[in-house]
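The values are calculated or read from the model by the stated rules, or taken from the named source; none is laboratory data. Since the model is a prediction, treat every value here as computed from it, not as a measurement. Cβ sites come from the backbone with ideal geometry, for glycine too, and all protein chains shown count toward neighbours.
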């Protein structure tokens, strides 16, 4: 069986993790070897994702680099991978952020170093598998496989309340996963009823003619699972605890990639599989998204802890992504996908730098800092770029996605834009307030006077984030071009299905009326 780029992208971190098992008991020398090996493997995976991009035809809406082999033929389950413009960018984002997560834990992780990096590589493999799967059963396997390493990363290497946060994360996500599994099995049953064979093939399931009432229930099962992962208000309560208690690498991956699995699931599965239900529920989901935008911003404004502030900012920013998806037009959906990438870069960067400060001072309280601009000018400059990117300053990555989302939402229903605009203003308020209090003013705590500026391994993680924030802001076409055909295909499917259903209902009403007249 030939192994293509897609399989290599998730198998490589698995093999890298397995090889770490053969390294003996940890000591100073072996810990260095473990760190370097993990960094090399993660960079190699990033290289594979870039090779995918180089092999990708940006003018095609079809899934490319497809790999398909029978897995459990009696139930129609295949090992089926493919990539389009939407999943490609998220896979590249995963490959980009994982080496940064490795570097962020270069010094901070001192216990069970080998096990930490094994779980980190396994997590990367599962995340990539989620974005590549075109078989719903395979997708579910990767989706649940992702939970285990993240649970241990939080539960073993987190802070004081890590066990509580890890269990809460697991319970929330598992509850949604069970609902989604029931709906997945239901879809396979419907395919068997219609065609005589079971199938979990996503492209075949797209063509199923599902009754509206059944669509509603299945859509709710998928939507709740993905809303928990986003997280969408009011399913967000696990996120602040998980972020605050997770180690820096865990927070970078959680904010940068894991949360995008929820919004990706809405775009790839929930909306296209159940377009009638999506059209019915979209206004209500958009209301929850707007509430999350404003609620997350207001709660972030009163947080004394930098990490918790950034966590609540994610609730607000991802509300924009969900709003763009609900608009169900090309502008809104393009903006949503672009904002997924932008949020992964900027919020991952925020958690990274907050982690650097926490490692130096062993506190994340805003009140414990002040005047760091004079002590750490390089870190201040990096944090300023990431902060401005996060609030959507033109010329940086956050602006393009928010602009397209607002444009798409305005074309759908201008009322949502009014409330979402309030969230944009509040975002600038709490982010600039935090930046001003931490980096400007006088150095009021003696411990801050001797803090070291960026170290070499920190430079290696911060510079790529700042650079990509600038590139995404100045050259958005690099990222918009490959996603446009796939986004257009999703929107056309949603709109065509709704049009056909309306036309069918019109014909049925006409026939009933004619029979009544006769």
Qualifying residue in the range 72-84 (condition: under 27 Å from the mean Cα position of the chain (by Cα), surrounded by 13 or more Cβ atoms within 10 Å (Cβ to Cβ) and outside any strand (DSSP E or B)):
yes
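Hey, which of the helices (runs of 4 or more DSSP H) in the range 358-424, taking only ones fully inside, have at least 2 residues that are closer than 16 Å to residue 453 by Cβ?
The helices (runs of 4 or more DSSP H) meeting that bar are 372-375, 377-390.
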When the residues of the range 146-170 are filtered to those that are more than 25 Å from residue 132 (Cα to Cα) and under 20 Å from the mean Cα position of the chain (by Cα), which remaining residue is surrounded by the fewest Cβ atoms within 10 Å (Cβ to Cβ)?
168
Can you find even one residue in the range 266-279 that is surrounded by 23 or more Cβ atoms within 10 Å (Cβ to Cβ), under 23 Å from residue 422 (Cβ atoms) and touching a helix residue (DSSP H, G or I) at 6+ places or on another chain (Cβ under 6 Å)?
no
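Examine the range 405-416 for a residue that is surrounded by fewer than 17 Cβ atoms within 10 Å (Cβ to Cβ), out of contact with any helix residue (DSSP H, G or I) (no Cβ under 6 Å at 6 or more places or on another chain), in contact (Cβ under 8 Å) with a residue 12 or more places away in the chain and under 27 Å from residue 100 (Cα atoms), and state whether such a residue exists.
Step one: of the range 405-416, the residues surrounded by fewer than 17 Cβ atoms within 10 Å (Cβ to Cβ) are 411, 413-415.
When the remaining residues are screened for being out of contact with any helix residue (DSSP H, G or I) (no Cβ under 6 Å at 6 or more places or on another chain), the result is 411, 413-415.
Narrowing further to those that are in contact (Cβ under 8 Å) with a residue 12 or more places away in the chain: 411, 413.
This time we only want the ones that are under 27 Å from residue 100 (Cα atoms), so: none.
No - not one qualifying residue is present in the range 405-416.
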Output the number of the condition that residue 501 fails; it satisfies all remaining conditions of (1) at pLDDT 85 or above; (2) in contact with a helix residue (DSSP H, G or I) (Cβ under 8 Å, 6 or more places away or on another chain); (3) farther than 30 Å from residue 357 by Cα.
(1)
In this structure, does residue 169 turn out to be part of a helix (DSSP H, G or I), touching a residue at least 12 places away in the same chain (Cβ under 8 Å), touching a strand residue (DSSP E or B) at 6+ places or on another chain (Cβ under 6 Å) and under 25 Å from residue 266 (Cβ atoms)?
no
Just to be sure I understand, how many residues within the range 143-166 are touching a residue at least 60 places away in the same chain (Cβ under 8 Å) and closer than 27 Å to residue 234 by Cβ?
13
Which of the residues that make up the range 119-166 are part of a loop (DSSP other than H, G, I, E, B) and either in contact with a strand residue (DSSP E or B) (Cβ under 9 Å, 6 or more places away or on another chain) or within 19 Å of residue 221 (Cα to Cα) (or both)?
134
Output the qualifying pairs, or none if there are none: Cβ atoms under 7 angstrom, residues six or more apart or on different chains, first residue in the range 104-128 and at positive phi, second residue at pLDDT 85 or above.
112/156
So which of 487, 443 ends up being farther than 28 Å from residue 89 by Cα and in contact with a helix residue (DSSP H, G or I) (Cβ under 6 Å, 6 or more places away or on another chain)?
443
Could you run through the range 451-467 and say how many residues are in contact (Cβ under 8 Å) with a residue 12 or more places away in the chain and under 21 Å from the mean Cα position of the chain (by Cα)?
5
Checklist (1) over 24 Å from residue 59 (Cβ atoms); (2) exposed (fewer than 14 other Cβ atoms within 10 Å of the Cβ); (3) under 26 Å from the mean Cα position of the chain (by Cα) applied to residue 470, failing item
(2)
